[in-house]
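Everything below concerns the one structure shown next.
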Amino acid sequence: MTPAALYTLYAAFVLGGTGLYFLLPNPDRGKPLAGAALGALGLVALVVAWALIGDAGTGAAFYVLGLVALLCTVRVITHPKPVYSALYFVLTVLAVAALCVLQGAEFLAAALVIIYAGAILVTYVFVIMLAQQSGPSSTDRRSREPFLSVCAGFVTMAVITAHASKALESSVAAGGTPRAEARLASAAAESGAPAGLVEDEAKPSDDGAKRSAPKPVTGNAMALGGAVMTRYMVALQLSGLLLLIAMVGAVAMSRKRVPQEGAVSPRAPLGQAGREVPPY
Amino acid sequence: MKDFLVTQFGFSLVLAALVFAVIQGAVAYCIYYERKIAAWTQDRYGPNRAGPLGLLQPIADGLKFVFKEDYIPGHVDKILFVLAPGIMFVVCGIGFLILPWGGQLDASTLPWLGSHLQPGERMLSVQVVSLNVGILYLLAVMSMSVYGVVLGGWSSNNKYSFYGAMRACAQMLAYEIPMGLTILVVVLTMGTLRLEEIAAEQAASGVWNVARHPLAALILFITALAEANRAPFDLAEAEQELVGGYHTEYGALKFGLFFLGEYASMITTSALVVVLFLGGWHVWGVSALTMEATSIWAVLAKMTVMAGKVAILIFVYMWVRWSLPRFRFDQLMRLAWKSLVPMSLGLFAAAAGLLYFGLHRSIAACLAVNAVVLAGAVAVASRGRTPITGRQANLVRQAARNDVPLAEVRT
């Protein structure tokens with residue numbers, strides 16, 4: 001990566017961070033228009049940096065989806081209404097899933113949509129709707145530590161980018177292209193699966209006849225399954241165990257002792273609505 | 001242009017437009033079908049005024065939706081109120097993309113378009129997209145359909161709509177689990193996530209999956225009813241309790257879009273059941289309905305067979321709707337979490353075990369496993385006492401208070 005690209009990238013982060021600081025909901029200090037302008041400048045810088053790095057994007061679809069994901073993420077934390085925040089989060093997840101498809105990771109994309117957009121965020125929306133029937137609370141209109149959180153977020157992002165760019169350079173130096181093919185091939189090599197198992201479907205082919213030929217039977221879903229069940233077996237089992245523990249904990253916490261049928265329960269004092277059930 | 005249309009991409013575009021149009025038309029006639037079936041169940045005539053046999057009724061209904069005033073009440077969240085029917089319509093309208101409608105097509109048998117091709121030179125898949133995560137795409141799309149209902153109910157700013165949305169949300173989350181697990185049973189048996197391969201393999205062996213896993217097929221059908229919000233699972237729009245449920249505040253074309261979404265998802269889910277368990281486009285003993293028959297006429301025959309099977313399943317959907325009363329909400333939840341989830345988990349574990357011993361294609365072994373799971377479920381159900389809920393509990397209390405036998409209590 002050239003120094004010019006690197007500094008443009010950092011400039012993009014600084015601009016974006018400052019813009020986000022002004023965009024965060026705050027009745028006293030918030031300047032949404034200035035924030036939006038700075039954020040837009042940051043996005044332009046990001047696109048320029050990306051173009052300077054070269055070969056990292058995969059065409060117009062990548063840019064559009066990336067922009068959608070970024071803008072929606074900003075709206076998640078800046079929108080004053082929690083329901084809209086959750087919905088922007090759904091859009092972010094969908095855009096990221098589409099980016100995964102562009103990189104040839106269909107399984108990851110489907111899992112993201114099913115688990116995040118289809119289950120977790122539905123539950124969020126559910127809870128937000130139940131909790132805020134009398135309109136949003138005033139805490140949603142004021143972010144607590146905008147400066148520190150923006151700093152923390154963008155420093156983390158800069159570190160990740162620096163690390164990722166190093167990985168990018170080493171993979172380019174090794175003679176491979178930092179594209180889906182290389183990643184799939186290395187995934188196959190790592191998982192010890194036979195190379196024939198992983199066939200890249202994202203490979204562009206201009207030949208119409210070639211495109212209309214029957215597609216390969218296997219894909220990276222199978223390679224991923226192989227990797228999870230062989231190399232990452234312990235991690236899989238441990239995460240399963242963790243989920244089981246969480247589930248048992250949730251059951252234990254939510255379980256209440258319900259009085260026996262016909263048992264006389266002490267009457268609640270006047271003015272106290274509902275019945276109190278001691279925890280199990 | 002001519003050559004573009006016989007590439008897979010061009011063909012997929014045409015097929016997508018065609019199937020989408022057919023599904024939209026079918027939705028209109030599904031409403032006619034439903035009203036005729038309701039009439040048949042209740043021993044009356046049904047729609048018979050517009051056109052011969054009332055066949056123009058769907059067009060009249062559609063025109064009515066279009067020409068009504070597109071009214072937005074003043075107290076709603078306008079953006080989401082307009083967005084919700086759109087989400088419902090889009091999400092329910094894109095599920096069919098992954099379904100295999102007719103195996104492989106030899107492009108050279110297409111009249112005019114394929115005249116310059118040699119036989120067998122170019123095979124097209126009669127499916128809009130072929131993903132290697134095929135079935136997961138459908139699950140992902142179906143899991144998104146809850147947003148239309150929930151946002152519609154919430155943005156209406158009406159407590160009945162909101163109750164409907166909450167019920168729909170809890171119901172869809174609960175029934176997605178057994179649905180996913182029973183689909184996994186088929187995936188384990190067939191060893192692939194691609195729907196076209198699942199259909200092709202059932203056609204090649206002549207054994208439909210319903211012969212191996214009838215219990216899984218039944219569970220999938222029940223959860224498909226619940227996911228499409230159809231009776232007896234239509235608590236989200238229980239008229240007696242919630243006025244109209246989540247679409248109380250909707251009218252005109254926006255209400256029509258909710259309706260379209262519901263019927264389109266009925267078609268998609270029944271097509272899914274057909275592909276997974278009922279052999280897709282295959283029927284025994286017809287040479288046009290095999291994997292080897294790839295001419296355009298064979299493909300049309302396959303699509304007709306597939307549509308026929310879907311129509312039969314939709315008939316069962318409607319038959320169920322007009323025969324069974326609606327569940328109460330606690331019964332609904334108990335059915336999902338206490339019976340369907342354990343049973344489908346058992347089936348899933350059993351299918352994995354069969355796979356381990358290499359018996360996953362053996363009909364006898366699969367049937368035995370299904371019988372064991374069913375017997376276990378029946379045993380557990382008969383050991384447990386009938387849960388006392390709601391009105392029954394009051395009856396028991398009254399009986400105890402007045403010291404009379406339960407049967408003699410008058411409410």
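List of remarks:
- Tally, over the range B:207-235, of residues that are over 15 Å from B:Gln331 (Cβ atoms) and touching a residue at least 40 places away in the same chain (Cβ under 8 Å): 20
- Top-ranked residue in the range B:346-358 [being of a type in the set (A, V, I, L, M, F, W, C) and surrounded by 15 or more Cβ atoms within 10 Å (Cβ to Cβ); ranked as farthest from B:Leu235 (Cα to Cα)]: B:Leu354
- Residue in the range B:80-96 that is under 32 Å from the mean Cα position of the chain (by Cα) and over 18 Å from B:Gly261 (Cβ atoms) present: no
- For the range B:8-34, filtering for residues that are surrounded by 16 or more Cβ atoms within 10 Å (Cβ to Cβ), within 14 Å of chain A (Cβ to nearest Cβ) and free of Cβ contacts under 8 Å to residues at least 40 places away in the same chain leaves 1.
- Test: A:Ala69 is modelled with pLDDT of 85 or more and within 30 Å of B:Arg194 (Cα to Cα): yes
- Pair list, Cβ < 9 Å and 6+ apart or interchain, from the range B:355-368 residues that are farther than 17 Å from B:Leu184 by Cα to residues that are aromatic (Phe, Trp, Tyr): B:Ala365/B:Phe357
- Counting only residues that are among the polar types (S, T, N, Q) and under 30 Å from B:Phe258 (Cβ atoms), the range B:185-238 holds 2 of them.
- Selection within the range B:115-139 - in a helix (DSSP H, G or I), farther than 29 Å from B:Leu242 by Cβ, at the interface with another protein chain (Cβ under 8 Å from one of its Cβ atoms) and not hydroxyl-bearing (Ser, Thr, Tyr): B:Leu136
- Tally of residues being more than 19 Å from A:Pro80 (Cβ to Cβ) and in contact (Cβ under 8 Å) with a residue 24 or more places away in the chain across the range A:148-163: 6
- Filtering the range A:230-257 to residues that are at pLDDT below 85 and under 27 Å from the mean Cα position of the chain (by Cα) leaves nothing.
- Residue list for the range A:1-27, restricted to those being in a loop (DSSP other than H, G, I, E, B), of a type in the set (A, V, I, L, M) and more than 16 Å from A:Val76 (Cβ to Cβ): A:Met1
- When B:Ala217, B:Ala236 are checked against the criterion of being in a helix (DSSP H, G or I) and modelled with pLDDT of 85 or more, B:Ala217 stands alone in meeting it.
The values are calculated or read from the model by the stated rules, or taken from the named source; none is laboratory data. No experiment lies behind these values; they were computed from the predicted model shown. Virtual Cβ from ideal backbone geometry, glycine too; neighbours counted across all protein chains shown.
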